[in-house]
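Here's the structure, in C-alpha cells; my notes come after.
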Amino acid sequence: MSDEDPIGIADDEQLLPEPWLQRGELPDFARVVTGSALLGLLAGACWAAFAPRVALVVTGHSVDFVAAEPAGFMGADAMFFAVVFVAGLVSGAIARWRVPGAGLGVVLGLVLGGLAGAAITAVTGSVIGHADPLTAAKHLADGVHLLAALKLRSLVAITGWPIGALVVWVSLDVRPVLHELLHPGG
C-alpha cells in the first residue's frame, strides 16, 4: 500500500490473474472452429459413402432385418469414428501449418471445432443417407430389399475428431524436444 492509496486498491490490479485466452488468440480460435465445421460437411459425405448399412426387407407395411446381427450398426459407428479421426488429423495438421506459433486459442478451437465438426458430420451423413425405410415400405412390394438409414448410435464416437487433432498438434509440438533429448547438441 502507498500513502496515496491507504486501502490498497491500486495494488489489487497486480494480483488479478491473466486471462486464460488472450484477445489476439480469438481470431485463430474462430478460424479453426469455422474450418472444422466446413470440413465436417465433407466428412459427412465420406461417412455416407463408405459406411456399411443394415439390409432390410419389406414385409407388408413394415420392414424387418434380413440378418438379426448388430454388426452393421457397429460398422457404421466404427466407420464414423475412422472418418472423424482422420478429419481430426487433417485439421490438426492444417492448424499447425497455418498458425505455427499459436497458443491456447488454437488448441481450444481444435477441441470445440472438432466436436462441432463431428456433430456436423453425423447430421450430414444422416441427411445424405437413405430415406426412412418405414416410409419407403408403404410404397414397395413385399420382399423388396432396402438399406437402413444411416444414424450415429454411439455418441462417444464424436470424440474421434478432437483426439485426432490433438494427437497431431502434440506430436508436432514434442518432436523438436525429443530430437534435442535424443541428439544433444546436434
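For this structure, a couple of remarks:
- Ordering of 35-43, 161-169 by burial proxy (mean other Cβ atoms within 10 Å per residue, highest first): 161-169, 35-43
- When peptides 74-83, 24-33 are ranked by their average number of other Cβ atoms within 10 Å per residue, the highest-first order is 74-83, 24-33.
- Residues whose amide H falls under 5 Å from that of Leu146, counting only those 5 or more places apart or on a different chain, are Leu56, Val57, Val58, with hydrogens built in the peptide plane.
- Arg175/Ile94 FRET efficiency (R0 22 Å; Cβ-Cβ; nearest 0.05): 0.80
- Length gained on full extension, Ala45 to Asp64, computed as 0.36 nm times the residue gap minus the Cα-Cα distance: 4.2 nm.
- Hull-based mean projected area of the stretch 60-106, where the convex hull spans the alpha carbons, in square nanometres: 5.7 nm²
- Distance in nm between pseudo-label sites at Ala55 and Leu104 (7 Å out along the Cβ direction from Cα): 5.5 nm
- Between Leu112 and His145, full extension at 0.36 nm per residue minus the direct alpha carbon distance yields a gain of 7.9 nm.
- For Met74 and Ala37, a Förster radius of 35 Å and the Cβ-Cβ distance give a FRET efficiency of 0.80, rounded to the nearest 0.05.
Every number in this text was worked out from the coordinates using simple rules, so none of it is lab data. Computed from a prediction, not measured in an experiment: that's the story for all the values here. With ideal geometry, Cβ positions are generated from the backbone for all residues, glycine too; neighbour counts draw on all protein chains shown.
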